[in-house]
Amino acid sequence: MIEDIKKDAKARMSKALDALGSNFNKIRTGRAHPSILDGIHVSYYGADMPLSQVANVNVEDARTLSVTPWERNLVPEIEKAIMKSDLGLNPSTAGTVIRIPMPALTEETRKNFIKQAKSEAETARVSIRNIRRDALAEVKSLVKDKEISEDDERRAGDEIQKITDKFVNDVDAALAAKEKDLMEI
């Protein structure tokens, strides 16, 4: 029973870490990366579709993305969606290919992106701590139902805390890597 609780907590904490990774991908650095455009949706025959489902997104060079729509009539829609996004990108179209140059980050924008990254990391830490709280509550209910002893509860609590510490350290490591990435010129 305790193993199931620990396994469930590990799986949920792992998902929190994955969510942090995808949120970090949306914070742009000076380099071009296709995941920057993941949050952009394009109006396609009356439905909002993710950009990746209506076009190919490729990295041309270190500072340029190219978007090639599958249908020619989508070019203006994609351009409009990229400009409306709060990413601060200015696409330029050449025929059916949309090129998106990544502007160099100023010191101020770097600091704002770092603040955003720290906020995302704190959200992930809170999520991990909430998962720990849930797991400890489940263990406590097992003691209350007299399914396990108090010694088992203490041991399980220590093990759950170790798991939590590991995941919080992973969050801190991911944040440090993102900060280093953002501060690179």
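What is the pair-distance distribution P(r) of the chain, computed from all Cα-Cα distances in 10 Å bins starting at 0, with each bin given as a whole percent?
9, 28, 23, 19, 13, 7, 2, 0
Ordered by packing density, taken as the mean number of other Cβ atoms within 10 Å over each peptide's residues, highest first, how do 131-141, 169-179 rank?
On the way: 131-141: 17.3, 169-179: 15.7.
Going from most to least packed, we get 131-141, 169-179.
Nearest 0.05, what FRET efficiency do Asn56 and Ser35 give at R0 = 22 Å with Cβ-Cβ as r? Kindly include the intermediate steps, with their values, before the conclusion.
Values: r = 14 Å, r/R0 = 0.64.
Using R0 = 22 Å, I get an efficiency of 0.95.
Gly39's amide H: which non-local residues (gap 5+, or another chain) put their own amide H closer than 5 Å, with H modeled 1.01 Å from N in plane and none for Pro or chain starts?
Residues meeting the amide H criterion: none.
Check which residues have an amide H placed less than 5 Å from Arg63's amide H, if you skip close sequence neighbours.
When sequence neighbours closer than 5 places are left aside, the close amide H contacts are Ala32.
Please work out how much length the chain gains when fully extended from Thr123 to Asp158, using 0.36 nm per residue of separation minus the C-alpha to C-alpha distance, in nm with one decimal.
Values: separation 35, 0.36 × 35 = 12.60 nm, distance 2.32 nm.
Going from the current span to full extension adds 10.3 nm.
Tell me, what HN-Hα J-couplings in whole Hz come from the Karplus equation 6.51 cos²θ - 1.76 cosθ + 1.60 at θ = phi - 60° for each residue of the range 161-176, using x for Gly and Pro?
5, 5, 4, 4, 4, 4, 5, 5, 5, 5, 4, 4, 5, 5, 5, 4
Run the Debye formula on the Cα coordinates of the range 34-101, all scatterers equal and no solvent, and tell me log10 I(q)/I(0) at q = 0.21 1/Å.
These q points yield log10 I(q)/I(0) values of -0.79.
Most mobile of Lys84, Lys144, Lys166 per a Gaussian network model of the chain (Cα springs, under 10 Å)?
Of Lys84, Lys144, Lys166, the most mobile in the Gaussian network model is Lys144.
If you count, for each residue, the other Cβ atoms within 10 Å and average over each peptide, how do 49-58, 150-159 line up from highest to lowest?
Values: 49-58: 17.2, 150-159: 14.0.
In descending order of packing, they fall as 49-58, 150-159.
Short version: ³J(HN,Hα) in whole Hz for each residue of the range 66-82, in order, from phi by Karplus 6.51 cos²θ - 1.76 cosθ + 1.60 (θ = phi - 60°), x for Gly and Pro, what are they?
10, 10, 10, x, 7, 10, 4, 5, 8, 3, x, 4, 5, 4, 4, 5, 5
I'd like the FRET efficiency for Ser141 and Ala11, computed as 1/(1 + (r/R0)^6) with the beta carbon distance as r and R0 of 25 Å, rounded to 0.05.
The value I calculate is 0.80.
Quick note: the coordinates plus some simple rules give every number you see, no bench work behind them. No experiment lies behind these values; they were computed from the predicted model shown. Cβ atoms come from the backbone with ideal geometry, glycine included; neighbour counts cover every protein chain shown.
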